[in-house]
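Here is the structure we will look at.
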Amino acid sequence: MPAIEEAQLTKYLSKYKNVAATRKDVVDVVTSYRSLTYNLEKFVFNDGSVKDLLALQGTIPVVYKNNTYYIPICIWLMDTHPQNAPMCFVKPTPTMQIKVSMYVDHNGKVYLPYLHDWQPHYSDLLSLIQVMIVTFGDHPPVYSKPKEQVAVPYPANSYMPQPGGPSASNQFLPYPNATGASGGNFPPYPTGGGNFMPYPPTGGQSGSSAGYPPYMNYPQPGGYPGGVGYNPAGVTTPSSTGTITEEHIKASLISAVEDKLKRRIQEKVNQYQAEIETLNRTKQELVEGSVKIDAIVARLEREEIDLQKNITVLRDKEEELKKSLENLENAEAIDPDEAVTTTAPLYRQLLNAYADEAATEDAIYYLGEGLRGGVIDLETFLKHVRQLSRKQFILRATMQKCRQKAGLAG
């Protein structure tokens, strides 16, 4: 994609939460399907709110009965894309009409299992369009509106070919041809190589477009226009007489049954495929959950081993504590003055000097507190401070000499 278009696309996606992922999805689609274009337009929700959303519009190729048609669609991307599934619509042209089915409603909104089971990390727009192509190939979402024509009266019992037969211009068209043009150049619908046989109207009935109902009131296969009779491929009919024979009726019934069975089988296949995809996703989630559970179990086993070790250490410490408590309970009373002993007289002198010096420091402090609180006067304070300071100096000098004699640092 050119840099200018990429910059324009990035500008359109400025309010989107996942710009990179959305841009990649859009680029992949417009690269694969040149008929699709993007634009930022206003989308009105059912509650009346309006939001600027990116819309992909254009046509997608659909193969129906060996013919390729181009279906006009519009895909709206939510501003949370790809966390939420996009909204898809069929946009018929003025010459088309929506064919309501289990996949398309009367407003043209598309309903697909792929949209219902949208997965943010696995689903993308390219796969969505491919699913739409396959689904629309089995269930065309639109068909061509019949054109106005003047019916020429013919005898009620005549079996001569009447206007509106296979050569007339009012064929029912499901969607545009491969060139994307509009008008009367579309391939006839339905296709399949058979001939379209006109039949006379019966009493009290009228056709859907040219006044010719399906012959013998037999139901037409799904997707075939009701205004003309359908002759299956491979069955020859004498166009000179137009006579209805049992072979014609039998072939028509067989074709109708075949189409109905094909539709039913395709519905079942789609249903089972959706169920298989759901089961595969469930299996993947279960496998991932099993791996997580195994990791949690292994971690719990390691923690259990560590806990057993800690319990053993704690019990050993508890036994030591009990023994220590028993020894203390059975021991004799200890004199606090004898609780701390030294190994030599020099160390005892050092210890006593240190204790006296600390006590002197406390006495000087409390004298200052007493002076501050007015308990003693200044003269008394100075007298006792001089005495205590002299004593403190002597104690510190004694401590210094003891440390030097003992060979201690400092």
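The values are calculated or read from the model by the stated rules, or taken from the named source; none is laboratory data. From a predicted model like this one, the values you see are computed outputs, not experimental measurements. Every residue, glycine as well, gets a Cβ built from its backbone with ideal geometry; the counts of neighbours run over all protein chains shown. Please note that ligands, DNA and RNA were not included when accessible areas were found on the heavy atoms of the full protein model with its side chains. Shrake-Rupley method; radii C 1.70, N 1.55, O 1.52, S 1.80 Å.
Quick notes on this structure:
- Residue match in the stretch 43-57 (condition: in a strand (DSSP E or B) and either over 24 Å from the mean Cα position of the chain (by Cα) or not assigned by the TED database to the domain that holds Asp28 (or both)): no
- One residue alone among Val62, Val26 is part of a helix (DSSP H, G or I) and assigned by the TED database to the domain that holds Asp79, and that residue is Val26.
- Hey, Met102 open to solvent by 60 Å² or more (accessible area, probe 1.4 Å) and over 21 Å from Ala21 (Cβ atoms) or not: yes
- Test result for Glu304, among the charged types (D, E, K, R), modelled with pLDDT of 90 or more and open to solvent by 70 Å² or more (accessible area, probe 1.4 Å): yes
- Filtered by the rule that a residue be among the polar types (S, T, N, Q), loosely packed, with under 15 Cβ neighbours inside 10 Å and closer than 15 Å to Ala358 by Cβ, the stretch 375-405 gives a lone residue, Ser389.
- Restricting the stretch 323-341 to residues that are of a type outside the set (S, T, N, Q) and open to solvent by less than 100 Å² (accessible area, probe 1.4 Å) leaves a set whose member that is farthest from Asn352 (Cα to Cα) is Leu325.
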